[in-house]
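Take a look at the structure below.
The values are calculated or read from the model by the stated rules, or taken from the named source; none is laboratory data. Every value quoted in this text rests on a predicted model; they were computed, and no experiment measured them. Cβ atoms come from the backbone with ideal geometry, glycine included; neighbour counts cover every protein chain shown. When the accessible area is computed, the model is the full protein with side chains, heavy atoms only, and any ligands, DNA or RNA have been set aside. Shrake-Rupley method; radii C 1.70, N 1.55, O 1.52, S 1.80 Å.
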Amino acid sequence: MPRFALAVPAWAWLAIFFVAPVAMVVWFSFGYKPGIFGTHANDVLSFDRYLEALSPTFFATFLNTLWIGLAGTALCLVIGLPVAYWMAVKAPPSRRGLLIALVMVPFWTNFLVRTIGWQVILAPEGWLSTLLQGVGLTDGPLDILYTRTAVLIGVVYNYLPLMILPLYVAFDRVGNPLREASKDLGAGKWRTFARVTLPLARPGVIAGVLLVFIPLMGDYITATVLGGARGNMVGQLVASQFQTAQNWALGSAMAVLLILVIMVTVALGALVVWLVTLPFRSRNRLVLGDAAVAASDAAVDDRELQEVGS
């Protein structure tokens with residue numbers, strides 16, 4: 001049996017349920033809406049739907065989606081990093097299974113139900129608003145619901161476990177011996193974390209960022225429930241074009257543009273990280289030629305000392 005035969009089922013699955021649907025969406029994006037009762041037609045191909053999707057009205061929604069995606073991913077990383085580190089390093093090993101289960105608890109509830117729960121909490125007449133007014137932190141009802149801030153709170157809550165779990169695995173794999181060796185060599189806690197633990201946990205950081213950023217950019221449930229008109233996202237526009245307006249061509253063009261925005265943002269983020277970490281990699285790089293020369297010089301010095309001694 002050829003070696004690649006074991007991968008045929010996975011490739012077939014991806015081709016049928018990923019490549020083919022995306023190709024259909026790209027094909028529909030070059031068409032148009034034929035009439036009131038039609039959804040799409042591709043007898044005349046053009047880029048008009050892309051120009052329509054990039055109109056000032058829709059372009060502002062793209063910018064808002066990108067802002068929420070970047071801010072939500074950054075907040076998940078800032079919150080999830082210390083939590084995952086504490087779970088993997090500081091928490092007793094006997095309780096780590098329970099901590100992981102607590103992180104997974106939100107996934108035991110439907111995504112829509114969790115988001116509606118935040119709608120109840122952030123409502124002007126909700127218990128949070130009453131509590132804040134009771135302690136004097138606000139002068140009137142809480143005015144967060146149906147804003148971009150409410151959407152940001154919702155996406156951070158919904159996607160935070162996707163950041164914590166890969167970070168926990170990455171920190172857990174680093175192991176205590178390496179941290180202990182760093183401390184034995186004179187490094188403090190912060191230096192050990194910055195120079196040993198975090199660089200070795202980089203794959204987990206990358207995985208967590210991708211797992212949060214990519215689905216967050218396409219989320220439309222959170223924006224619909226918590227955002228309203230002021231927290232609109234591209235996912236809402238795509239869903240409305242397919243379900244309400246029945247304009248599959250325009251909705252497909254928006255979906256393709258969203259995919260391109262995600263790909264470009266990820267590529268730019270990877271480039272920025274590579275440029276920022278380049279000086280550190282260059283400083284810590286071992287040059288074999290220099291090492292060989294140094295070893296040769298040391299050997300010569302040893303022979304000279306032996307000759308002098310004899």
Residues of segment 63-96 satisfying the condition of being without any contact (Cβ under 8 Å) to a residue 40 or more places away in the chain and polar (S, T, N, Q): SER94
Residues that are closer than 30 Å to ALA201 by Cβ and open to solvent by less than 30 Å² (accessible area, probe 1.4 Å), drawn from segment 150-167: VAL151, LEU152, GLY154, VAL155, VAL156, ASN158, TYR159, PRO161, MET163, ILE164, PRO166, LEU167
Matching residues, segment 119-136, being touching a helix residue (DSSP H, G or I) at 6+ places or on another chain (Cβ under 6 Å) and exposed (fewer than 13 other Cβ atoms within 10 Å of the Cβ): none
Residues located in segment 139-149, provided they are open to solvent by 40 Å² or more (accessible area, probe 1.4 Å) and over 25 Å from the mean Cα position of the chain (by Cα): ASP139, PRO141, ASP143
Residue match in segment 87-102 (condition: surrounded by fewer than 16 Cβ atoms within 10 Å (Cβ to Cβ) and under 23 Å from ALA71 (Cα atoms)): no
Count - residues of segment 168-186 that are more than 19 Å from GLY80 (Cα to Cα), among the hydrophobic types (A, V, I, L, M, F, W, C) and open to solvent by less than 20 Å² (accessible area, probe 1.4 Å): 0
Within segment 189-221, considering residues that are among the β-branched types (Val, Ile, Thr), open to solvent by 30 Å² or more (accessible area, probe 1.4 Å) and within 24 Å of GLY231 (Cβ to Cβ), the one farthest from the chain's Cα centre (by Cα): ILE221
Boolean, ARG195 is basic (Lys, Arg), farther than 24 Å from GLN119 by Cβ and at pLDDT below 90: yes
Segment 9-43: number of residues that are at pLDDT below 90 and either under 17 Å from VAL256 (Cα atoms) or β-branched (Val, Ile, Thr) (or both): 3
Out of LEU152, LEU165, LEU237, sole residue that is within 30 Å of ARG95 (Cα to Cα), touching a residue at least 12 places away in the same chain (Cβ under 8 Å) and either over 20 Å from the mean Cα position of the chain (by Cα) or part of a helix (DSSP H, G or I) (or both): LEU165
All positions within segment 221-277 that are among the hydroxyl-bearing types (Ser, Thr, Tyr), more than 19 Å from ALA41 (Cα to Cα) and at pLDDT 90 or above: THR222, THR224, THR265
Yes/no for LEU75 being under 30 Å from ASN247 (Cα atoms) and either aliphatic (A, V, I, L, M) or surrounded by 14 or more Cβ atoms within 10 Å (Cβ to Cβ) (or both): no
Candidates LEU178, LEU132, LEU162, LEU185 - the one that is closer than 22 Å to THR73 by Cβ and not polar (S, T, N, Q): LEU162
Residues (farther than 23 Å from GLY227 by Cα and either of a type in the set (Val, Ile, Thr) or without any contact (Cβ under 8 Å) to a residue 24 or more places away in the chain (or both)) located in segment 97-132: GLY97, LEU98, LEU99, ILE100, ALA101, LEU102, VAL103, VAL105, TRP108
Unmet requirement for ILE214, which otherwise passes all of (1) in contact (Cβ under 8 Å) with a residue 40 or more places away in the chain; (2) in contact with a Phe, Trp or Tyr (Cβ under 8 Å, 6 or more places away or on another chain): (2)
Positions within segment 23-53 being loosely packed, with under 14 Cβ neighbours inside 10 Å and under 25 Å from ILE221 (Cβ atoms), in sequence order: MET24
Test: residue in segment 124-134 that is under 22 Å from the mean Cα position of the chain (by Cα), assigned to a helix (DSSP H, G or I) and either at pLDDT 85 or above or among the aromatic types (Phe, Trp, Tyr) (or both): no
